[in-house]
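Before any comments, here is the structure.
Any read-out appearing in this document is the output of simple, stated calculations on the displayed coordinates, not a laboratory observation. None of the values given here were measured: they were computed from a predicted structure. As a convention, Cβ positions derive from the backbone with ideal geometry for all residues, glycine included, and neighbour counts pool all protein chains shown.
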Amino acid sequence: TRTPVTVTVTGAAGQIGYALLFRIASGHLLGADVPVRLRLLEIPQAVKAAEGTAMELDDCAFPLLSGIDIFDDATKAFDGVNVALLVGARPRTKGMERGDLLEANGGIFKPQGEAINAGAADDVKVLVVGNPANTNALIAQSHAPDVPAERFTAMTRLDHNRALAQLAKKVRGTGARVSVADIKKMTIWGNHSATQYPDIFHAEIAGKNAAETVNDQNWLENDFIPTVAKRGAAIIEARGASSAASAASAALNHVHTWVNGTADGDWTSMAVVSDGSYGVPEGLISSFPVTTKDGRWEIVQGLDIDDFSRARIDASVNELSEERDAVRKLGLI
Ligand code: NDP
């Protein structure tokens, strides 16, 4: 039997955590033949709720789940971690300024970065889900100098999946029989925020260029882009609670693709540390089209970026630069 992979989940008692843990334990994170050991991190007030979730995990009798430990101390929770899912974060509350939000999250992601630096396994992979995810990932990464920077990523896979769903729906509206599985090379650029840019100019539907197939600039600008970017708010409005199952599902997709690789002729979207590709300042954690293989990602190179796309990528990347400047000013990186 294989050695279990140690997976640490923060914010484990939250609603994304509840949607995530059972699927990790049933093999959807790494594969149906990979045993996992769960380490749950929560703030002290939420440890009891995490214990309740752990009781339910026990009661599922998942054959792949080889153990669960619960902590309120980051150093212990990240000891030996192979896959770290940083879900817990300080949400923006009414009247909170951006600086307050960044500062509150700095207080969470700085010690977590330090704990990962101190105790993580050599192959550690980190996915930040808690918002503002890109900048939280940057904070954690900057406090883990011994871990290669490329191991810190933030999630834009939910945006990517939302874009696939919207595009498939649009094409089906023309009478074509298209499923999300027929769509390749979707890209989310920039920040996981309302400024993100979902790009269909390189996407393919059943092998044909997606933007040409759709051929509807008005839909692209006034429907597709805002629908994808504001989907989170629309779900809160409809459901009375934020998207949790879809966020958890995207987190599983992100790690599964990172570990197991993208298919030939396709890529995915991940927020990763920029090497300056496509004019994104080096060091920012920004979403790009990436391929993955053998547990490593690479930014897809050589795509033509027209003026329409350029302006949108720049706007989102500028927001990331501003967030970086703000956390620098606060002494968080
Ligand atoms: P959720 O589980 O719903 O969300 C957790 C985080 O994920 C939030 O920051 C949220 O950001 C973010 N997120 C990213 N993408 C999405 C998406 N598509 N939809 C919804 N959320 C998204 O929050 P809960 O409040 O239910 O649970 C948070 C838990 O984290 C609590 O149990 C709390 O105790 C814990 N916590 C743990 C910490 C730790 O382990 N050290 C630190 C801080 C909190 P957004 O702001 O946009 O909602």
### Query
If you take the charge dipole of the chain about its Cα centre, with +1 on Lys and Arg Cβ and -1 on Asp and Glu Cβ, which of Gly27, Thr135, Ala115 is farthest toward its positive end?
Gly27
#### Entry: Angle between the chain longest axis and helix 98-119 axis [Cα atoms, degrees, rounded to 10]
60
### Summary
Given Cβ charges of +1 for Lys and Arg and -1 for Asp and Glu, the option among Asn222, Gly276, Ala176 whose Cα lies farthest towards the positive end of the dipole of segment 157-323 is Ala176
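When the dipole is taken about the Cα centre of the chain, and only Lys, Arg (+1) and Asp, Glu (-1) are charged at their Cβ, what size is it in debye, to the nearest 20?
Values: 32 positive and 41 negative charges, 138 e Å.
So the magnitude is around 660 debye.
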### Computed helical MRE - 222 nm, the chain, DSSP H runs ≥ 4 contributing -39500 (n - 2.57), nearest 500
-12500 deg cm²/dmol
## Note on the structure
Between the alpha carbon centres of segment 276-333 and segment 190-248 the gap in Å comes to 18
### Message
Please give the Cα centre distance for segment 80-146 versus segment 11-56, rounded to the nearest Å.
### Response
18
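Any chance you could run the full-extension gain for Asp223 through Ala311? It's 0.36 nm times the residue separation minus the Cα-Cα distance, nm to one decimal.
On the way: separation 88, 0.36 × 88 = 31.68 nm, distance 1.78 nm.
Result: 29.9 nm gained on full extension.
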### Message
Explain nothing, just compute: Karplus ³J(HN,Hα) = 6.51 cos²θ - 1.76 cosθ + 1.60, θ = phi - 60°, for every residue of segment 286-298 in order, whole Hz, x for Gly and Pro.
### Response
10, 7, 9, x, 10, 9, 10, 7, 6, x, 10, 10, 9
### Query
With θ set to phi - 60° and the Karplus curve 6.51 cos²θ - 1.76 cosθ + 1.60, what are the ³J(HN,Hα) couplings of segment 205-222 in order, to the nearest whole Hz, using x for Gly and Pro?
10, 6, x, 10, 4, 5, 5, 5, 5, 6, 6, 8, 5, 5, 4, 4, 7, 9
### Summary
Quick calc, Arg328 & Asn260: beta-carbon distance into FRET formula, R0 30 Å, rounding 0.05, result 0.25
### Query
At q = 0.15 Å⁻¹, what base-10 log of I(q)/I(0) does the Debye formula yield for the chain when every alpha carbon is treated as an equal point scatterer in vacuo?
-1.28
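Enumerate by residue number the GluC sites (Glu not before Pro) in segment 273-333 meeting two conditions: DSSP loop (anything except H, G, I, E, B), and at most 14 other Cβ atoms within 10 Å of the site's Cβ. Could the numbers behind the result be given before it?
On the way: sites: Glu282, Glu298, Glu319, Glu322, Glu323; in loops: Glu282.
Passing both the DSSP loop test and the Cβ count: Glu282.
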### Message
Quick check: pseudo-label points 7 Å beyond the Cα along Cα→Cβ at Ser242 and Arg296, how many nm apart are they?
### Response
3.5
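Scanning the chain for trypsin sites (Lys or Arg not before Pro) in DSSP loops with at most 15 other Cβ atoms within 10 Å, what's the longest stretch left with none? Intermediate values should be presented prior to the final figure.
Details: sites that count: Arg2, Arg92, Lys94, Arg177, Lys230.
Counting only loop sites that pass the neighbour cut-off, the longest clear stretch is 231-333.
Can you tell me, using C-alpha contacts under 8 Å and at least 6 residues apart, the relative contact order of the chain as a whole percent?
On the way: 644 pairs, mean separation 56.0, N = 333.
Worked out over the chain, it gives 17 percent.
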## Note on the structure
Among Gly11, Ser243, Gln45, the residue whose Cα sits farthest towards the positive end of the charge dipole of the chain, when +1 is placed on the Cβ of each Lys and Arg and -1 on the Cβ of each Asp and Glu, is Ser243
### Task
Using only Cα atoms, tell me the angle between helix 15-25 and the longest principal axis of the chain; keep it within 0 to 90° and round to the nearest 10.
80
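Need the full-extension length gain, Thr93 to Ala206, defined as separation in residues times 0.36 nm minus the C-alpha distance. One decimal, nm. Let's see the in-between values first.
Values: separation 113, 0.36 × 113 = 40.68 nm, distance 4.33 nm.
Result: 36.4 nm gained on full extension.
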### Task
Between Ser321 and Val34, with labels modelled 7 Å along Cα→Cβ, what's the label distance in nm to one decimal, could you check?
3.7
### Query
Angle, helix 245-260 long axis vs. longest principal axis of the chain, Cα atoms, 0 to 90°, nearest 10?
90
### Query
Straight-line reach from Lys48: which lysines have Cα under 18 Å away, leaving out those fewer than 8 places along the same chain?
Lys76
